[in-house]
Amino acid sequence: MSKQVNLTINGKQVTAPEGMTVADAAKLAGIDIPVFCHHPKLEPVGMCRMCLVEIGRPMRDRNTGQFVMENGQPKIQFMPKLETACTNRVEEGLVVLTTTEKAVDGQRGTVEFLLTSHPLDCPICDKGGECPLQNLTMAHGPGKSRFNYNEKQHLDKMIPLGELIYLDRERCIQCARCIRFQDEVAGEAVLGFDDRGRYTQIISVSDPGFDSVFSGNTTDICPVGALTTTDFRFGARPWELDAQASICTQCPVGCNTTLNIRREAKAGGEVVVKRVMPRQNEEVNEIWLCDKGRFTYHYTEGKERLTKPMVRRDGKLARASWDAATKFAAEKFNAHKKDFVVLASGRLSNEDLFNLKSLADTAGGEAILYSDMGGGELTQLVGVGAGTNLGRMGKGDAILVIASDLYEEAPIWWLRVKQAADRGATLIVANPRTTKLDRFAKYHIHYAYGDEIKTIHDFGKKSRISDEFAKAKNAVIFYGSEGLGVNGTSALASACAVLLKESGHAGNANNGLIGVWQRANDQGAFEIGFRPVPNLEKALKGKAVYIAGADPVGDDPNLAKALESAKFVAVQELRETATTEIADVVLPAQAFTEREGTFVSGERRVQRYHAAVAPKGDSKPDYAITAMLAKQMGVILQGTSATVVFDILSNSVEAFNELSYDALAQVREQWPIVGRSDMYYGGTTYENTKGMGVQLLPMAQAGGTVRIPKVRKEAALRPKEKELLAVPANKLYDLGVTVRTAGFLDGRIGEMMISMHPSTAKKFGVEDGRKVKISFDGVSAEAPVRLDETVASGVALIRRGMGIAIHEPVIAKIGGRVKS
């Protein structure tokens, strides 16, 4: 705990941590000081002068250093001029006056100067209704301007800083919040000031423009309407919007979000999602979102949404009733019980997965997780302990990131790990190639693909890095799937678990193992009993397959062939996909925006999301569809509501014992204090009133026996002459349906390509940008080569989800250049 000091603000006794700014201390005490440039997540700069106040300090005797007393109290000496509350730190005995005539006059003058060239376009400004400048002008501004209209500056109104963010230069008040966020918080200084005086302008200094995955956050903290998003610009007025709490579905971080909705004429009078906003949870995403989480909700909309059950008749899919469709599927699954397989992904909620697993178990089938990554059973044993908050990690702590590019896989974890390093935590990045996180790491370990286990085992040997990790007060390991498949990641998880256990970093908060999963609820799937398989093609051949929330046909031609030989295929999905096209039965599911449920994040935090809009057509929640199908198979499952299913789940799965929707809805006091009533302080982020979630106890913390499976050692693949080692890596913006449906993200998706070192390209006689044919494991594809010096020699790095089906490291052959 920081040392506490006592001060007085407007006659009110206030206690605040030593070193806190006067503006923040006032906020803590419920006293508002108007600000523009100040933000509690940024370093103070005192640029806008909006927070001018009178500050008096106790006088001290120069000889003794003691307070000079007057009438039994320290004598207070005020400075002759006003001071900024955002740059002055609290100290014992400080006296602050914010509402005196002198202070009020200073605040009024600041607003008047800011308005000298500010356009009066509030009626058409996106920020109108949630604009700090608008609100503070009403509260502190003058009734009319003393400046001539013809002296106003007229600047460009629609400047694209990048493909996602537009700048209105007339509205900008040069508070530098956007610049400072990108520099201090995101660690990507891609914005800056140009020119000087009243001609100062915000510019992008990166190529491509505004090259950051955190760009949308600048629109949240911009105190005026200068920055707007491509997605929401002129889309709706803030006062027209309702809000509903949700959870991001794009990665395992589990960011807390708010869905802003309204009834839309062009949507036929339906209520639609207009934008996704951050919801404060200081233990998860603080008040930030990555751009993928902010903009990729559009997959829940569109003409491709499935709205009616369909059954294949005479080779064609035709609409059917729910009863007919589920009855047909049930008859087929009952007829092939010995070959019954449930294939589900981490896109589904815990409630959905629980019903699917219950059906598989009761019917004697197999429950397979659609993932290239294993090891979830290890995070159940030595996952991070309850109470974990990366925001509290710093000096004396250690974080190891291995086989993962967090920037591309889980950007908010990247942000929080980077900030922990900024606070002094020892950051160790282990990866075969350079990643963006390396810049903030104390130690870099560049190993060869296939040497992941050896790298972890080397931590057991005496070295500076291993010694610092072992002696750390707290230690967390993030492990991923770069260059690895199911077997490789399972082995890596085991090795990491052993390291954590032997170094005493398991069973406590801010200690343990975190899987950087490919989907939002992969961890939840492991908790409920789903497991991935190393050879999914073999597992699906000749089976009766029930697929939920996955598109294996669209992802992999080998899986498409396997399903062609299946005895029966039923697909439960939101949208038309390549897999629904080959299905015998198609069952339309509701999107996360249309129903409630829960996810388990990579930190094993169970969090709840809520329905925001009406379901499309006759679609139903996945858990309800499974219950209907199960009933037709003679299996009784609950499908009436997510609450009922979760209650049964919590009584059936040990890790969830005693959990309830009420427990997940609990909130705690958070700092900084943000809310929609004073958006000039924290931005337009929503306060959290719907729940901060509950972390599951790992076995090491619950007091159970921790038996870690023996690490399976497999020989690393090494290519021969005229061969390459093809390895998979994840990409934030891929060709998956959740991304490509947001058209304005096309520029960030890019094209399918094969990355290789210049020496490798030279060896195989290929040039940068030229198409080549690559073949491995029955897969053959053509793609352009991109030269990348960070990729090891002899390696072809292929991004998952970009059109070339690769699940694990394989030996590949290059067939030479392809004619354009």
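The values are calculated or read from the model by the stated rules, or taken from the named source; none is laboratory data. Nothing here was measured: the structure is a model prediction, and the numbers come from that model. Backbone-built Cβ (ideal geometry, glycine too); neighbour counts: all protein chains shown. The area values use the complete protein model at the heavy-atom level, side chains included, leaving out ligands, DNA and RNA. Shrake-Rupley method; radii C 1.70, N 1.55, O 1.52, S 1.80 Å.
Run down A497, A509, A493 and say which single residue is over 29 Å from K308 (Cβ atoms), of a type outside the set (F, W, Y) and surrounded by fewer than 19 Cβ atoms within 10 Å (Cβ to Cβ).
On the way: A497 fails: surrounded by fewer than 19 Cβ atoms within 10 Å (Cβ to Cβ); A493 fails: surrounded by fewer than 19 Cβ atoms within 10 Å (Cβ to Cβ).
That would be A509, the only listed residue that is over 29 Å from K308 (Cβ atoms), of a type outside the set (F, W, Y) and surrounded by fewer than 19 Cβ atoms within 10 Å (Cβ to Cβ).
Here's the yes/no breakdown for (1) closer than 21 Å to E18 by Cβ; (2) basic (K, R):
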residue: M50; (1), (2): no, no
residue: E54; (1), (2): no, no
residue: T64; (1), (2): no, no
residue: E70; (1), (2): no, no
residue: K75; (1), (2): no, yes
residue: F78; (1), (2): no, no
residue: T84; (1), (2): yes, no
residue: V90; (1), (2): yes, no
residue: E101; (1), (2): no, no
Within the range 45-103, work out how many residues are assigned to a loop (DSSP other than H, G, I, E, B) and either touching a residue at least 12 places away in the same chain (Cβ under 8 Å) or under 14 Å from T8 (Cβ atoms) (or both). 23
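Would a scan of the range 314-327 turn up a residue that is part of a loop (DSSP other than H, G, I, E, B) and at pLDDT 95 or above? So that I can check it myself, show each step before the final result.
Within the range 314-327, the first condition is being part of a loop (DSSP other than H, G, I, E, B), and the residues that meet it are 314-315, 320-321.
Then keep just the ones that are at pLDDT 95 or above; that gives 320-321.
Within the range 314-327 (the criterion being part of a loop (DSSP other than H, G, I, E, B) and at pLDDT 95 or above), the answer is yes, since at least one residue qualifies.
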Where the second residue is modelled with pLDDT under 90 and assigned to a loop (DSSP other than H, G, I, E, B) and the first is under 21 Å from G504 (Cβ atoms) and not assigned by TED's automatic domain parsing to the domain that holds N389 and lies in the range 695-720, which pairs have Cβ atoms under 8 Å and are six or more apart or on separate chains? M699/T705
Residue that is nearest to G376 (Cα to Cα), among those in the range 313-339 that are buried (at least 24 other Cβ atoms within 10 Å of the Cβ) and of a type outside the set (S, T, Y): F333
Hits in the range 702-760 - residues which are touching a Pro at 6+ places or on another chain (Cβ under 9 Å), among the hydrophobic types (A, V, I, L, M, F, W, C) and assigned to a strand (DSSP E or B): L725, A726, V727, I754
Only one residue in A562, A525 is in contact with a helix residue (DSSP H, G or I) (Cβ under 9 Å, 6 or more places away or on another chain), part of a helix (DSSP H, G or I) and surrounded by fewer than 23 Cβ atoms within 10 Å (Cβ to Cβ). Which one? A562
Please go through (1) open to solvent by less than 60 Å² (accessible area, probe 1.4 Å); (2) more than 18 Å from F78 (Cβ to Cβ); (3) in contact with a Cys (Cβ under 8 Å, 6 or more places away or on another chain) for M47 and return the number of the only condition it doesn't satisfy. (1)
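Being outside any strand (DSSP E or B) and surrounded by fewer than 21 Cβ atoms within 10 Å (Cβ to Cβ) is the filter here; which residues of the range 293-310 pass it? Spell out the reasoning first.
Here is the first cut: in the range 293-310, the ones outside any strand (DSSP E or B) are 293-304, 306-309.
Hits for the range 293-310 are H298, Y299, E301, G302, K303, E304, T307, K308.
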Selected residue (criterion: most open to solvent (accessible area, probe 1.4 Å)) from residues of the range 663-690 that are of a type in the set (D, E) and touching a residue at least 12 places away in the same chain (Cβ under 8 Å): E687
Here the qualifying pairs (Cβ atoms under 8 Å; residues six or more apart or on different chains; first in the range 150-176 and not assigned by TED's automatic domain parsing to the domain that holds F744 and aromatic (F, W, Y); second in a strand (DSSP E or B) and open to solvent by less than 30 Å² (accessible area, probe 1.4 Å)) come out as Y166/L227; Y166/T228; Y166/T229
For P58, are the conditions met, namely being at pLDDT below 95, open to solvent by less than 30 Å² (accessible area, probe 1.4 Å) and more than 16 Å from V224 (Cβ to Cβ)? yes
Somewhere in the range 3-11, is a residue open to solvent by 50 Å² or more (accessible area, probe 1.4 Å), under 25 Å from D678 (Cα atoms) and assigned to a loop (DSSP other than H, G, I, E, B)? yes
For the range 14-44, give me each residue that is in a loop (DSSP other than H, G, I, E, B), over 11 Å from Y681 (Cα atoms) and touching a residue at least 24 places away in the same chain (Cβ under 8 Å). E18, G19, M20, I31, L42, E43, P44
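I need a count of the residues in the range 565-577 that are assigned to a loop (DSSP other than H, G, I, E, B) and basic (K, R).
At the first step, the residues of the range 565-577 found to be assigned to a loop (DSSP other than H, G, I, E, B) are 565-567, 574, 576-577.
If we keep only those that are basic (K, R) too, we end up with 567.
Qualifying residue count for the region: 1.
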Please work out which one of (1) in contact (Cβ under 8 Å) with a residue 24 or more places away in the chain; (2) in a loop (DSSP other than H, G, I, E, B) is the condition G143 fails and give its number. (1)
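Considering only the range 691-703, state which residues are open to solvent by 30 Å² or more (accessible area, probe 1.4 Å) and within 21 Å of S490 (Cβ to Cβ). Steps first, answer last, please.
Keep residues of the range 691-703 that are open to solvent by 30 Å² or more (accessible area, probe 1.4 Å), which gives 694, 697, 699-703.
Once the filter is applied, which keeps residues that are open to solvent by 30 Å² or more (accessible area, probe 1.4 Å) and within 21 Å of S490 (Cβ to Cβ), the range 691-703 yields M699, A700.
Give me a count of the residues in the range 354-366 that are outside any helix (DSSP H, G or I) and either crowded, with 22+ Cβ neighbours inside 10 Å or in contact with a Cys (Cβ under 6 Å, 6 or more places away or on another chain) (or both).
Step one: filter the range 354-366 for residues outside any helix (DSSP H, G or I), giving 364-366.
Those left that are additionally either crowded, with 22+ Cβ neighbours inside 10 Å or in contact with a Cys (Cβ under 6 Å, 6 or more places away or on another chain) (or both): 365.
Total satisfying the criteria: 1.
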With respect to E351, is the statement that it is among the acidic types (D, E) and either outside any helix (DSSP H, G or I) or open to solvent by 10 Å² or more (accessible area, probe 1.4 Å) (or both) true? no
Restrict the check to the range 729-738 and report whether at least one residue is more than 25 Å from S481 (Cβ to Cβ) and either in contact (Cβ under 8 Å) with a residue 40 or more places away in the chain or open to solvent by 50 Å² or more (accessible area, probe 1.4 Å) (or both). no
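When only residues in the range 782-805 that are part of a strand (DSSP E or B) and among the small types (G, A, S) count, which is farthest from D555 (Cα to Cα)? Explain how you work it out, then say what you get.
Here is the first cut: in the range 782-805, the ones part of a strand (DSSP E or B) are 782-787, 795-799.
Filter once more, keeping what is among the small types (G, A, S): 783, 796.
Working: A783: 16, A796: 19 Å.
Across the range 782-805, the extreme among qualifying residues is A796.
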If I go through the range 578-603 residue by residue, how many of them are within 19 Å of V311 (Cα to Cα), touching a Gly at 6+ places or on another chain (Cβ under 8 Å) and either in a strand (DSSP E or B) or at pLDDT below 95 (or both)? 2
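Given the criteria within 24 Å of the chain's Cα centre (by Cα), open to solvent by 20 Å² or more (accessible area, probe 1.4 Å) and under 30 Å from A448 (Cβ atoms), does D372 qualify?
Working: within 24 Å of the chain's Cα centre (by Cα): yes; open to solvent by 20 Å² or more (accessible area, probe 1.4 Å): yes; under 30 Å from A448 (Cβ atoms): yes.
Yes; evaluated as a whole, the condition is true for this residue.
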Mind counting the residues in the range 67-115 that are open to solvent by 40 Å² or more (accessible area, probe 1.4 Å), of a type in the set (D, E) and touching a Pro at 6+ places or on another chain (Cβ under 9 Å)? 2
Name the single residue, out of those in the range 420-443 being out of contact with any helix residue (DSSP H, G or I) (no Cβ under 7 Å at 6 or more places or on another chain) and among the polar types (S, T, N, Q), that is surrounded by the fewest Cβ atoms within 10 Å (Cβ to Cβ). T434
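For the structure I just gave you, tell me whether A550 is part of a loop (DSSP other than H, G, I, E, B) and assigned by TED's automatic domain parsing to the domain that holds R319.
Numbers: part of a loop (DSSP other than H, G, I, E, B): yes; assigned by TED's automatic domain parsing to the domain that holds R319: yes.
Here the answer is yes, as A550 does meet what is asked.
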So which pairs qualify, if the first residue must be in the range 308-321 and without any contact (Cβ under 8 Å) to a residue 12 or more places away in the chain, the second must be open to solvent by 60 Å² or more (accessible area, probe 1.4 Å), the Cβ gap must be under 6 Å, and the two must be at least 6 apart or on different chains? R319/K308
